[in-house]
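One structure is given here, and the rest of the page talks about it.
The values are calculated or read from the model by the stated rules, or taken from the named source; none is laboratory data. Please read these numbers as outputs of a predicted model, since none were measured by experiment. Here Cβ is always computed from backbone atoms with ideal geometry, including for glycine, and neighbour counts include all displayed protein chains.
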Amino acid sequence: MKKYFPYIAGEFVETQAAISVINSYTRECFAEVSMASADDLERAIIAALKVEKELAVMPSYKRYEILMQIATRLKEEKDDIGITLSKEACKPLKLALAEVDRAIQTFIVAAEESKRLPAEYISVDWTAAGRPGEIFSCRFGSGDFAFQLSIEPGCA
């Protein structure tokens, strides 16, 4: 029987309590999932807060690599995850695999978006003062110290 553990503070942890995962159609117990306690949750939150600042300044290429690593791992484990979903939810394997594909796509999209510059061109030619017609706008800083920067093309 396969066992699943929560990921707490950077590692998979076997906890004291666990639940059996039962296929409601066959009544087969096919997996066991460790349940996190309130103390486990507190430890996870404390660990997350310790790396909050580090993650806030993580370069986009690194975020991209991490998210793509997750997508790749999901692809590698697609069949196993699909079979588990199919058994747990009593759904056709085809639908369970489609669900895994959507999860993979979500991480790929998130990875691609992590490379996008947080900036945009804005048309401002709706008044005479707005000519030549557009500005480049981007945010820099983080949290309470974020500022908007707008530069007219050709004026930099």
Note down all Cβ pairs under 6 Å where the first residue falls in region 89-104 and is within 13 Å of THR72 (Cα to Cα), the second is of a type outside the set (A, V, I, L, M), and they're at least six residues apart or on different chains.
VAL100/LYS78; VAL100/GLY82; ILE104/LYS75
Taking the stated definitions as given, is GLU52 of a type in the set (Asp, Glu), closer than 30 Å to ALA9 by Cα, at pLDDT below 95 and not assigned by TED's automatic domain parsing to the domain that holds SER24?
no
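Here's the yes/no breakdown for (1) at pLDDT 85 or above; (2) in a helix (DSSP H, G or I); (3) assigned by TED's automatic domain parsing to the domain that holds SER20; (4) in contact with a helix residue (DSSP H, G or I) (Cβ under 8 Å, 6 or more places away or on another chain):
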{"residue": "GLN69", "(1), (2), (3), (4)": "yes, yes, no, no"}
{"residue": "ARG73", "(1), (2), (3), (4)": "yes, yes, no, no"}
{"residue": "LYS87", "(1), (2), (3), (4)": "yes, yes, no, no"}
{"residue": "ASP101", "(1), (2), (3), (4)": "yes, yes, no, yes"}
{"residue": "VAL109", "(1), (2), (3), (4)": "yes, yes, no, no"}
{"residue": "ALA129", "(1), (2), (3), (4)": "no, yes, no, no"}
Looking at (1) touching a residue at least 40 places away in the same chain (Cβ under 8 Å); (2) part of a helix (DSSP H, G or I); (3) among the aliphatic types (A, V, I, L, M), which is the only condition VAL21 fails?
(2)
Count of residues meeting criterion [of a type in the set (D, E, K, R) and modelled with pLDDT of 70 or more] in region 111-126
4
Quick test of your reading of the structure: ALA44 fulfils all but one of (1) over 17 Å from the mean Cα position of the chain (by Cα); (2) not in a loop (DSSP other than H, G, I, E, B). Name the failing condition by number.
(1)
Scanning region 47-61 residue by residue, those assigned to a helix (DSSP H, G or I) and either surrounded by 12 or more Cβ atoms within 10 Å (Cβ to Cβ) or among the aliphatic types (A, V, I, L, M) (or both) turn out to be ALA47, ALA48, LEU49, LEU55, ALA56, SER60
Within region 1-12, track down each residue that is out of contact with any helix residue (DSSP H, G or I) (no Cβ under 7 Å at 6 or more places or on another chain) and of a type in the set (A, V, I, L, M, F, W, C).
MET1, PHE5, PHE12
